[in-house]
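See structure below.
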Amino acid sequence: MIDIFKDIVFGISAIVGLYLLFNCVYLLFFAIAGHFLKKEKKGRVATLKKIAILIPAYKEDAVILESSFRAVNHSYDGEFKVFVVADGLSKNAIDKMNEFGCTVIPVYFEKSTKGKSLLCAMNLIPADRYDIALVLDIDNIMADNFLNDLNIAFADEHKVVQTHRTAKNLNTTFAFLDACNEEINNHIYRKGHYAVGLSPALIGSGMAFEFDYLHSLLKDIGETVGEDKEMDFKIAKDKNKIVYLNNTYVYDEKIENAKVFTQQRTRWIAAQIEFFKKYFFQGFRELFVNRNFEFFNKVLQSMLVPRMLLLGLLFVLSVAGFALLNSPLSYYFIVLFVVLCFTLLISLPLKFYRDRRLVSAVFKIPYALWCMVIALFRIKRAKVSFMPTPHTSNSQTDQLSQK
């Protein structure tokens, strides 16, 4: 009886092992590819495109007042306008933003979502007035020369550009850990993919579009909590290439505590499951019928275990398998765990290794893993609310070297 039980456990473990192997190989391949991304060649162009900056703002008056003020005062050689889509902002905040040059578009929804806010704004802004639409989050700050870099990128008639979102605050251990996670994502899903000729994944902010094209992408966006992922799939289906500007930065506030981390990851996991269900079979049809590997690759991404959970799962399987089975399969999980750790290490920029806070962040991983487990059991909440990430007022950008 014991032998039968062991055989069943071994069989299940083998199936799980193949799935986890796929996860590790996928991540490792693009982690290595990310080191071969060619440097961007920046120049000057004669045509200055008109840019509409869209900032969906859900409550949080103090944060949007500071970020929108800095957006209005950004330096650009051409013409641009800042549109704040105000969902639940106070009249006082709206009046102040109007005073310093923003165009405020108030919106009201029974269930608020970022996608619906953006669509409402696009419906009201004259389509023939702007060439580019840039989407920023409520807390985002553009680095110097950001809009000029965008203008150069769109001179080649690109339809979609994703810039490099990076941390502006590293004031807590959780914020530092979140910043590390962001840069690993940038390396694997943006640098790595772009290096091999695939589109980088959209990240929800710091993303720019040909104005009319964004409007078309937002139509029928629905109440999804992952509007960026929905647009990712639509762009892939259209066979349009997303351009990645690795050296054009937008600063983003990182999560400072476990409660907010859990809430944010709950929304992310819910979005991943939503699009896995929605596009799984269509992904194979696009691959074999339309030869659209870009779309199929987006489906593959939706099949991956969230990286923090993958790390914890492989660790548990390595220890449990070695203790209970004492078989070659046990060593297999240990090897996968080592491979994943190696993948993460080579994906993290060198500047983080020079920071003493990295050690504290590593010791915070088990707690973050526990938060991810909690998030798994809360994903149904995302169907009721889009669970916005709370922010603090904009702090000064952390002086990390961006070179």
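The values are calculated or read from the model by the stated rules, or taken from the named source; none is laboratory data. Here the structure is a predicted model, which is why all the values come from computation and not from measurement. Here Cβ is always computed from backbone atoms with ideal geometry, including for glycine, and neighbour counts include all displayed protein chains. The accessibility values were calculated without ligands, DNA or RNA, using every heavy atom of the protein model including side chains. Shrake-Rupley method; radii C 1.70, N 1.55, O 1.52, S 1.80 Å.
Shape analysis of the range 172-242 places it in the oblate category; the axes a ≥ b ≥ c from the Cα gyration tensor give an a/c of at least 1.5, with a/b not above b/c.
Pulled fully out, how much extra length does the chain show between D156 and K259, if you take 0.36 nm times their separation in residues and subtract their Cα-Cα distance?
Working: separation 103, 0.36 × 103 = 37.08 nm, distance 4.31 nm.
Going from the current span to full extension adds 32.8 nm.
Note on K237 and A320: their simple-model spin labels are 3.8 nm apart, each label 7 Å out from Cα toward Cβ. The R70 and F29 beta-carbon pair, evaluated with R₀ = 30 Å, returns a calculated FRET efficiency of approximately 0.20. Between V338 and Y367, the distance separating the two model label sites (each 7 Å from Cα on the Cα→Cβ line) works out to 3.1 nm.
A 1.4 Å probe run over the chain, with the rest of the protein chains in place, finds 48 Å² accessible per residue.
Please get the size of the charge dipole for the range 213-361, origin at its Cα centre, with Cβ charges of +1 on Lys and Arg and -1 on Asp and Glu, quoted in debye to the nearest 20. Don't skip to the end; give the middle numbers.
Details: 20 positive and 14 negative charges, 51 e Å.
The dipole magnitude comes to about 240 debye.
For the chain, the residue among Y279, M303, V260 whose Cα projects farthest onto the positive side of the dipole built from Cβ charges is M303. From largest to smallest, the equivalent ellipsoid semi-axes obtained for the range 99-148 from the alpha-carbon gyration tensor read 21, 15, 12 Å.
Roughly to the nearest percent, how much of the accessible area of the chain is carbon and sulfur, given a 1.4 Å probe?
On the way: 11790 of 19250 Å².
Summing carbon and sulfur atoms, their accessible area is 61 percent of the total for the chain.
Among the chymotrypsin sites (Phe, Trp or Tyr not before Pro) in the range 66-131, those placed in a DSSP loop whose Cβ has at most 11 other Cβ atoms within 10 Å are Y108. Label zone of F293 (point 7 Å out along Cα→Cβ, amide N under 14 Å): in the range 12-51 this covers 30. Measuring against 23 Å, Cα to Cα, the residue pairs K50/K298; K259/K351; K91/K114 contain K50/K298; K259/K351 as the ones spanning a longer distance.
An oblate overall shape is assigned to the range 252-357, the ratio a/c of its alpha-carbon gyration tensor axes (a ≥ b ≥ c) being 1.5 or greater and a/b not exceeding b/c.
Full extension of the chain between N98 and V16 gives 23.9 nm of extra length, using 0.36 nm per residue less the Cα-Cα distance.
Counting only Cβ charges, +1 for Lys and Arg and -1 for Asp and Glu, the dipole size of the range 1-150 around its Cα centre is about 420 debye.
Checking the cross-link pairs K191/K229; K81/K229; K41/K241; K39/K191; K277/K380 against a 20 Å limit on the alpha carbon distance flags K81/K229 as lying beyond it. Three principal axis extents describe the C-alpha atoms of the chain; from largest down they are 76, 47, 44 Å. Each Lys or Arg adds one and each Asp or Glu takes one away; over the other residues whose Cβ falls under 12 Å from the Cβ of H193, this sums to +2. Spatially, the range 135-164 and the range 87-125 are offset by 21 Å when compared through their Cα centroids.
N140: net charge of surrounding residues, Cβ under 9 Å, Lys/Arg +1, Asp/Glu -1, itself excluded? Walk me through the numbers before you get to the answer.
Values: positive: R165, K168; negative: D137, D139, D252, E253.
Once positives and negatives cancel, what remains is -2.
FRET efficiency for the N171 to F284 pair, using the beta carbon distance and R₀ = 45 Å, is estimated at 0.50.
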